[in-house]
Amino acid sequence: MIELFKHILHLDFDWLFANYGTTIYVVLFLVIFIETGLVAMPILPGDSLLFTAGLFARSGHLNLSYLLILLFIAAVLGDNCNYWIGRKIGLKIFSLKIKGRPIVKQEYLAKTHSFFEKHGTKAIIMARFVPIVRTFSPFAAGVAEMNYRRFFSFDILGGALWIGSLTIAGYLLGEVEIIRKHIDLVCLGIILISVLPIIFAYLKGKRKAPNA
């Protein structure tokens, strides 16, 4: 299992194909579900994984239709699982520790709350494209007991936009030779773009702090 996650984090699709074959669909489904559904797992490479999966669909290794349907279901199920964890367990989860260390950092929830305060309900959609916030957004909505129908409707839209845009982008750009040859750099670029909102928010907070 550790070996599997190591190759997932490195987006080593060649290894995944060699060891899992068509079962890779199950692996991708679980990665997206875990990243969006378990509040303690915000570090999985969701954005770059979707883009890379799209690239491999272009090369014929994966079926684009299967990817879009399966990963959309995984994203929505994950968010809903996370929502109900927040709603039923709430802040109690922050008291849980492993080897004396909290399994969830309070600062992550604080950042997500700030994101909600700034963007309102549309944060459910926007959070899909922001690492870490993506994982904590449904949990925070559950803790706040956000109306479930309202959450669910925005979550479906956000899930469709996130899965569709990144996977199809990878599929369409899979024809570009320079992207195929430098997929590692492209993925790093996607990660950088994804975390820019967090970086800007951090810098803005640092700038305000001295004046507070």
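With a cut-off of 9 Å between beta carbons, the residues surrounding Gly159 carry a summed charge of -1, where Lys and Arg count +1 and Asp and Glu -1.
Residue separation of Leu157 and Lys122 scaled by 0.36 nm, minus their Cα-Cα distance, works out to 11.6 nm of gained length. In this label model, Glu145 and Arg101 are separated by 3.5 nm, measuring between points 7 Å along each Cα→Cβ vector.
Sequentially through the range 13-21, phi angles give Karplus couplings (6.51, -1.76, 1.60; θ = phi - 60°) of 5, 4, 5, 4, 5, 5, 9, 10, x Hz, Gly and Pro residues having no value and appearing as x.
Since every read-out is calculated from the coordinates, none of them should be taken as a lab result. The shown structure was predicted, so the numbers you read here are calculated from the model rather than taken from an experiment. Reconstructed Cβ throughout: ideal geometry from the backbone, glycine too, with neighbour counts over all protein chains shown.
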